[in-house]
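Right, one structure below, let's go through it.
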Amino acid sequence: MKYHVGVIAGDGIGPEITAEARKVLDKVGAVFGHQFDYEDILMGGCSIDAVGVPLTDEAIAQAKASDAVLMGSIGGNTATSPWYQLEPSKRPEAGLLKLRKSLQLFANLRPAYLYNELKEACPLKDDIIGDGFDMMIMRELTGGLYFGKRVTEVRDGLMTAEDTLTYNEEEIRRIAKRAFDIAGKRRKKVTSVDKANVIDSSRLWRKIVDETAKEYPDIAYEHMLVDNCAMQLVKDPKQFDVILTENMFGDILSDEASMLTGSIGMLPSASLNDTKFGLYEPSGGSAPDIAGKGIANPIATILSAAMMLRYSFDLDQEADAVEAAVKQVLRDGYRTIDIMPQQEDKKAGIKQIGTAQMGDMICERIVK
Ligand code: NAD
């Protein structure tokens, strides 16, 4: 098959890490008989420098015409870069928000997976970690508190701020369906997280998830209150497969879960709409402190490309092959600087390598 991939290399380490993900896709193409062609799309600080705005209509049209978009990262040093002297709507991040909105990317997926070889980076005790954990946090991305009406005004002589948390049944149903579909590709369990003991939007959330669950009799599901979920993540993370939740709860819980895995350089993400289209990007930023040095970890971007294979192109076997190659590289003792063991006694047999070498090592291990 032929796939047309839009590539937003972006700023900082973005061009370095997307180059490695493209290498990996090309290797997948060679091994499994697919063809990936790429179209560069300008977004972020590099777009400001080139054309004066972080995202043009032309760039949005290019993204829409792609089968999926692979992104590196955008932005610079927020204290020193001239991009941050501009008003907020003209800064690099405004481009990303506009792109997400234009493409109606309402479902954000962030896996939290603990690699056996990186266990020591996990802050939890060994008896809690056990054989590791593997969960997928699915966060609603375009509704809820962050998009509701807000106002700050004087009421009865007191400064008062108000934010509105709104969800309609369609917004809940479409992401619930996505979560159950994705659980079907995994260990077939959904934990829907809300605060239904207190707030109305959560009560509606729970009702619609109950209705949606009836369409998926082979998927186990449960409800969990968000405060309990925050505790369970550190008490027994193994219990989770897919966690489904609204925007703000997902924002907080996905950061908590990502800390359990130890390194930002290992964490992929996907943002999906209700077609097969998705925007795939590492969870980290543009890392201006290490940009251009050839030392950034490309694994999060490579795993984002694997998510693209799985969720946009339905190439599960190919995605498995990339994920297996990443595991094998770690097993063989190769690490970028961010995932090097800290203690001297753990460094035996471990070799530090750079961005491009890591991409090459992963490519070498991709087999059918
Ligand atoms: P950051 O994620 O860029 O960096 C935080 C730390 O993690 C740094 O020490 C960095 O070197 C390290 N790091 C991040 N990715 C790494 C990788 N792949 N390999 C090795 N180390 C890695 O966060 P920040 O410094 O707060 O933000 C820098 C810029 O990135 C800002 O402009 C911010 O707005 C932007 N940002 C963009 C995105 C995005 O593109 N989606 C996301 C977050 C932050």
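Elements of the type strands (runs of 3 or more DSSP E) sitting completely within the range 115-223 and holding at least 3 residues that are in contact with a helix residue (DSSP H, G or I) (Cβ under 8 Å, 6 or more places away or on another chain) and closer than 30 Å to Leu303 by Cβ: these cover 134-140, 189-194. Is it true that some residue in the range 168-184 is in contact with a Gly (Cβ under 6 Å, 6 or more places away or on another chain) and open to solvent by less than 50 Å² (accessible area, probe 1.4 Å)? Checked against the condition, which is being in contact with a Gly (Cβ under 6 Å, 6 or more places away or on another chain) and open to solvent by less than 50 Å² (accessible area, probe 1.4 Å), the range 168-184 yields at least one hit.
Against the numbered list (1) under 23 Å from the mean Cα position of the chain (by Cα); (2) touching a residue at least 40 places away in the same chain (Cβ under 8 Å), Ser201 comes up short only at (1). The set of residues from the range 323-336 being within 16 Å of the ligand (Cβ to nearest atom) and either out of contact with any helix residue (DSSP H, G or I) (no Cβ under 9 Å at 6 or more places or on another chain) or open to solvent by less than 20 Å² (accessible area, probe 1.4 Å) (or both) comprises Val326, Val329, Leu330, Arg335, Thr336. Taking each residue of the range 84-111 that is farther than 23 Å from Ala179 by Cα and looking for partners that are open to solvent by 30 Å² or more (accessible area, probe 1.4 Å) and assigned to a helix (DSSP H, G or I) with beta-carbon atoms closer than 6 Å, six or more apart or interchain, yields Arg91/Trp83; Pro92/Trp83. Could you please let me know if Lys189 is away from the ligand (no atom under 16 Å from the Cβ), of a type outside the set (Asp, Glu) and touching a residue at least 40 places away in the same chain (Cβ under 8 Å)? Yes: the conditions hold for Lys189. Of all residue pairs spaced 6 or more apart or on separate chains, those with beta-carbon atoms under 8 Å, a first member in the range 319-331 that is polar (S, T, N, Q) and a second member that is open to solvent by less than 60 Å² (accessible area, probe 1.4 Å) are Gln328/Arg365.
The values are calculated or read from the model by the stated rules, or taken from the named source; none is laboratory data. Keep in mind the model is a prediction, meaning the values are calculated, not measured. Note that each Cβ is placed from the backbone with ideal geometry, even for glycine, and that neighbours are counted across all protein chains shown. Side chains are part of the model used for accessible areas, which takes the heavy atoms of the whole protein and leaves out ligands, DNA and RNA. Shrake-Rupley method; radii C 1.70, N 1.55, O 1.52, S 1.80 Å.
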